[in-house]
Amino acid sequence: MTERTDVRTTMLWVGAALAPGLLTSAWWFGSGVLWQVLVAGGTALTTEAVCLRLRSKSLQALGDGSALVTALLIAAALPPTTPPGVTAIAAMTAIALAKQAFGGLGSNVFNPAMVGYAMVLVSFPAALSSWPAAPDALSAATFLDVLKHDHGRTLRELALDPAAGRWGARAFEDIALAYLLGGIALMFRRIVHWRIPTAVLLFAAATSLVFYDSGSSRSLGTPLQQWFSGGLLLAAFFIATDPVTHPRSTRGQWLFGAIVGCATVTIRGFGAWPDGIAFAILLANGATPYLDRRWP
């Protein structure tokens, strides 16, 4: 088996594992999710082809599937109502700036999908500020928004908000469960290791408990609310586990996951954005060279 074939097989498994979460999201939020996949996928492949030509590289690299997986991750992170132009900018940034500018697959320092997502999040915050109402009148404000702007309400009171679900965010907890199942499948296939997802979830839970404060209005939510609101499970299994941008050693991977988990909850609670996953991932990516040197 050639290296390219091996990469293609891995990417096929990752894409298949992402499918349940994307389909669950489409079930809740409609066909906009699938349009995000089409726009991000088409843009990512086109950008990859242009960059390969400019670098005088073979277009055979398009067949490894990495650009499509990046596109799927971007589509999973963006609200279904994101304008196509914004989605295209995210995909172009991911492929051209975060991947090809560093030399292509295996040479990038930062996760391409999170670079693209962070770019449009900072540049077009209004376009990414809310999710559409589901058919049964789900509030367009996510539970992370509600938790961040609680207006003095306790967690018990916030649990009555239309955006709240059984133990996390309504709709998002079902989507997160689908990504969890996909992530577990990847672990059984030995495509991702259990250490990083475990560290992300454990340290996210620990950070939320530090600020739990018995569920008062100053609480950052319960561990389950942190896990099943927003994209933490998606990030833990599909983004933080990117083998190119996480450390190689066992201790380095635990510390990497700890950075992602702690930073995500901290940014959610005290930062400018309701969800801090992209910035947490990029922060941990930046620490990877040090972690590799300190614990080779």
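A short reminder: the numbers here are calculations on the coordinates, not readings from a lab. Because the structure is a prediction, the values reported are computed rather than measured. Here the Cβ is made from the backbone with ideal geometry for all residues, glycine too, and neighbour counts use every protein chain on show.
The residues neighbouring Arg268, those whose beta-carbon lies less than 11 Å from its own, together hold a net charge of -1 under the Lys/Arg +1, Asp/Glu -1 convention. Here the 3J(HN,Hα) profile of the range 96-103, calculated from phi with Karplus coefficients 6.51, -1.76 and 1.60 at θ = phi - 60°, is 6, 7, 8, 10, 5, 5, 8, x Hz, Gly and Pro shown as x. What translational D, rounded to a whole number of µm²/s, comes out for the range 185-282 from Stokes-Einstein when the hydrodynamic radius is the Kirkwood one over Cα pairs, at 37 °C and 0.692 mPa s? For the chosen part, D equals 245 µm²/s. Using bins of 5 Å that start at zero, the share of Cα-Cα pairs per bin across the chain amounts to 1, 6, 12, 17, 19, 18, 13, 8, 4, 2, 1, 0, in whole %. Shape of the range 5-55 from its Cα gyration tensor (a ≥ b ≥ c, root eigenvalues): rounded if a/c is under 1.5, otherwise prolate when a/b > b/c, or oblate? Verdict is oblate for the range 5-55. Site pair Arg8 and Ser130 shows an inter-label distance of 4.5 nm when each label is modelled 7 Å from Cα along Cα→Cβ. Each stretch of four or more DSSP H residues adds -39500 (n - 2.57); spread over every residue of the chain, this sum gives -18500 deg cm²/dmol at 222 nm. Spin-label pair Arg156-Ser107: with each label point 7 Å from Cα along the Cα-Cβ axis, the two points sit 5.9 nm from one another.
For the range 150-186, chymotrypsin sites (Phe, Trp or Tyr not before Pro) are listed when DSSP marks them as loop and at most 11 other Cβ atoms sit within 10 Å of their Cβ; the list is empty. Once the chain from Thr250 to Leu177 is taken as fully extended at 0.36 nm per residue, the excess over their C-alpha distance is 23.6 nm. Among 268-274, 20-26, 290-296, the peptide with the highest mean count of other Cβ atoms within 10 Å heads the list, and the full ranking is 20-26, 268-274, 290-296. Taking amide H positions as modeled 1.01 Å from N, with prolines and chain starts lacking one, the residues under 5 Å from Ala164 and 5 or more places away or on another chain are Arg170.
Can you list the DSSP H helices in the chain whose Cα atoms extend at least 20 Å along the helix axis and whose mean Kyte-Doolittle hydropathy is -0.5 or higher? Span-like helices here: 3-29, 32-54, 172-188, 195-210, 250-270, 277-294.
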